[in-house]
Structures are given as structure tokens and as C-alpha cells.
Amino acid sequence: MTALIDPQKIPQRILPDGAKIPCIGMGTFGSDRYTPGQVAEAVAGAIRCGYRLFDCAAVYGNERLIGDVFQAAIEEGAVKREDLYITSKVWNDKHGEGDVLLSCAQSLHDLKLDYIDAYFVHWPFPNYHAPGCDGDSRNPDSRPFFVEDFMATWRQMERLVEMRSVRHIAMSNMTIPKLEAVLPLCSIQPALIEMELHPSFQQPELYAYCVERNILPVGFCPIGSPSRPERDKTPDDVVDIEMPEVVKIAKAHNVHPAIVCLKWAVQRGQVPIPFSTRKENYLDNLRCVTEDFLTEEEMALLAGADKNCRLIKGQVFLWEGASSWKNLWDLEGVIDRSGWAKA
């Protein structure tokens, strides 16, 4: 089967070990709005369109059906396994001794793979919340970030590389203070880091910190995630596709504002992972990185449009005594354990 868009035309990023990863992929988080079947169907369509990067996670609850899609595509000759770059993530309730290995083994089984290209620590603490819970839910066992806890998890991640179960290990939802604390302790450095990145939330300091250390940023919510769960929405949130700068550039290129967000992301250097169940949308998302690039002036305009508007605040992971979702993000430049009183 010939892909609708030649994967060879999709620019590649080079990881520290020389491995290549497409500059854009498809996310698979259904945002509590799409069934596992709908997500898997979108993945199948995306492979036919020419996507080769897919960002998965155990907590999304759809890896088994997505694995069926991968297996069928490979067996039918639609794609070779070595041409795919597939990621997954260990969820917060699987940070315990041995649990990371078991979690990865389950994802390998569900995704029907012999190895995962990149395996992420989904969140940097073992704070669990029930799937689909509301934004005010709190788990009494939640705790702040502690270096010792994280490194016990990371040692298991490193073991997965030694076992050849995964090619690269990675982090997600980190901050500079947390990275400063753990990177010197890592025997294997993270090859990638997932973070929220879109025109209204560009995280320039964290982005530059990672790039300087040869850690590739992967950007989730690249168009502002308009279909994110209701628990993640607040009245002050900025809508990226309605930002005047984005709309102006979209009109100049005669494209949807979402396409401008993706072009900006790729030209900036991060790897965006948008999701859509509509073929016309995910086809346009892939095509847009191969043509009609933004000008230097347009990139500069968007760089100045940053509103520091975090959309995925993570409030469901707060520990007892914490006063705000801001405690999760170390805004004062140190690891924040505000209100933590437990021994």
C-alpha cells in the first residue's frame, strides 16, 4: 500500500544515539470523548496517510486495540516495524519496585510489539487518580516530588533499556528544578521529554534547557487541545486557534488556524503530537509540515504571542496540604512541597 503522503517527505529529528523520529506524530489520548475503537480507527487511517510516529500510554485505555492495528498493518505489508516510532508511558500507580517492568511488559503485549521505541515516565510522582474523575478529586495518598522516589522509578526505566524492551527512555511533565535534581543521577539520560507546548504556552526556559542538553521536546496539546476533558478547562484559558496572531497568519496562508500552530511547532524544533478522528484533519496535519512554511517574521510574531497559559494543570495530582495546581510546577525555581507535613 502506498501512503497518501510519502513518509520520506516528513522531516526527521535525530536523537542522541543517531536514531530518527518523525517531526510530527499522532497522539492517542481520547480526551474522555472518543472510544478506544474510534482512536484505533484513527491510527489505522493515519498509517495509511503516512504517519509513522504514534504516542501511546497505558492509562489511555486503548493500547490493545491500537496494537491490533499495528499488527495488521505490519502483517499486511502496509508498513515495516522499523519504520514506525511508537511510544508508551508508565502510569503513576506503577512506580513501585518491579511495577515499571510489569507495566512495560503489559504495553508490549497490548501493542503487540517486541520493543517500544520510547518509554516515558508519564508524571514524575506516583499520584494516582481514577480515570475520568472530576477536577476536584484528590487521592489522600498523593505526595510531592521526591528525588529518591523518582530515581527508584528511573532505575527500572534504565533496566528496560538493558533488557532491550525499549530503545529510548524519556520523561514527561517535568520542570527545570526537577530535572536539575535528577539528571546528574541518571545512568541513562532521557532522549525525549514530553511537555505542554502551543503558541499560548511556549515554556521558553524549559524548552531551551532541554534542547541545550540534547533532550528532544515532544509537545502535547499543540493546538491548545480544544477537546480536552472538562476537568482541565478553566474560564481564563486562552484558545490558541482564536489568538489574533494565529488567525492573521492563517488568513495569509489560507489555512485553518490549527495548521499554523503545527507549522510553528515543527519549525521551532519540537515534535507535536496532535490527535483527530477526522481523516481530513489528520491528513492536513501531516501534509502541512511538508509545504508552505511560515516566514521568519511570522515565527517571530508567534514567539511574541506567548500568554504563559497552561491548560493541563494537573490539579487532580495535588497532595494533602497543597493549595494550588501551581504547586506542581515549581514556579519559584525550587521543588515545591508546599503544605506537605507527612513524615
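Among residues of the stretch 249-264 being touching a residue at least 12 places away in the same chain (Cβ under 8 Å) and under 16 Å from Pro226 (Cβ atoms), the one that is surrounded by the fewest Cβ atoms within 10 Å (Cβ to Cβ) is His256.
Under the condition of being charged (D, E, K, R) and buried (at least 19 other Cβ atoms within 10 Å of the Cβ), the residues counted in the stretch 54-85 number 2. Among (1) more than 28 Å from Gln38 (Cβ to Cβ); (2) in contact (Cβ under 8 Å) with a residue 60 or more places away in the chain, there is one condition Gln270 misses while meeting the rest; what is its number? Of everything listed in (1) more than 28 Å from Gln38 (Cβ to Cβ); (2) in contact (Cβ under 8 Å) with a residue 60 or more places away in the chain, Gln270 misses just condition (1). Tallying residues that are among the β-branched types (Val, Ile, Thr), in contact with a helix residue (DSSP H, G or I) (Cβ under 8 Å, 6 or more places away or on another chain) and surrounded by fewer than 21 Cβ atoms within 10 Å (Cβ to Cβ) within the stretch 154-199 yields 3.
Within this structure, Arg159 fails the test of being under 30 Å from Arg81 (Cα atoms), part of a loop (DSSP other than H, G, I, E, B), touching a residue at least 40 places away in the same chain (Cβ under 8 Å) and more than 18 Å from the chain's Cα centre (by Cα). In the stretch 25-42, which residue that is of a type in the set (Gly, Ala, Ser) and under 14 Å from Ile273 (Cα atoms) is farthest from the chain's Cα centre (by Cα)? Restricting to residues being of a type in the set (Gly, Ala, Ser) and under 14 Å from Ile273 (Cα atoms), the top hit is Ala42.
Restricting attention to the stretch 327-343, the residues being assigned to a loop (DSSP other than H, G, I, E, B), in contact with a helix residue (DSSP H, G or I) (Cβ under 7 Å, 6 or more places away or on another chain) and closer than 16 Å to Arg310 by Cβ number 2. Looking at the stretch 226-236, can you tell me whether even one residue there is over 22 Å from the mean Cα position of the chain (by Cα), within 24 Å of His129 (Cα to Cα) and free of Cβ contacts under 8 Å to residues at least 60 places away in the same chain? Yes. One residue alone among Asp93, Asp110, Asp68, Asp99 is under 27 Å from Asp6 (Cα atoms) and not basic (Lys, Arg), and that residue is Asp68. Counting only residues that are part of a loop (DSSP other than H, G, I, E, B) and in contact with a Gly (Cβ under 7 Å, 6 or more places away or on another chain), the stretch 304-318 holds 1 of them.
Rundown of residues vs (1) closer than 30 Å to Ile21 by Cα; (2) at pLDDT 95 or above; (3) over 24 Å from the mean Cα position of the chain (by Cα), yes/no style:
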position: Gly269; (1), (2), (3): yes, yes, no
position: Cys288; (1), (2), (3): yes, yes, no
position: Asp292; (1), (2), (3): yes, yes, yes
position: Leu301; (1), (2), (3): yes, yes, yes
position: Gly321; (1), (2), (3): no, no, yes
position: Glu332; (1), (2), (3): no, yes, yes
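Scanning the stretch 1-33 for residues that are touching a Pro at 6+ places or on another chain (Cβ under 7 Å), at pLDDT 95 or above and in a loop (DSSP other than H, G, I, E, B) yields Ile10, Cys23, Ile24. Criterion applied to Gly45, Gly50, Gly96, Gly18 was being in contact with a Lys or Arg (Cβ under 6 Å, 6 or more places away or on another chain), farther than 17 Å from Ser165 by Cβ, surrounded by fewer than 23 Cβ atoms within 10 Å (Cβ to Cβ) and not charged (D, E, K, R), and the one residue passing it is Gly45.
The values are calculated or read from the model by the stated rules, or taken from the named source; none is laboratory data. Predicted, not measured: the structure shown is a model, and the values here were computed from it. A quick note on method: Cβ atoms are made from the backbone with ideal geometry, for glycine too, and the neighbour counts reach across all protein chains shown.
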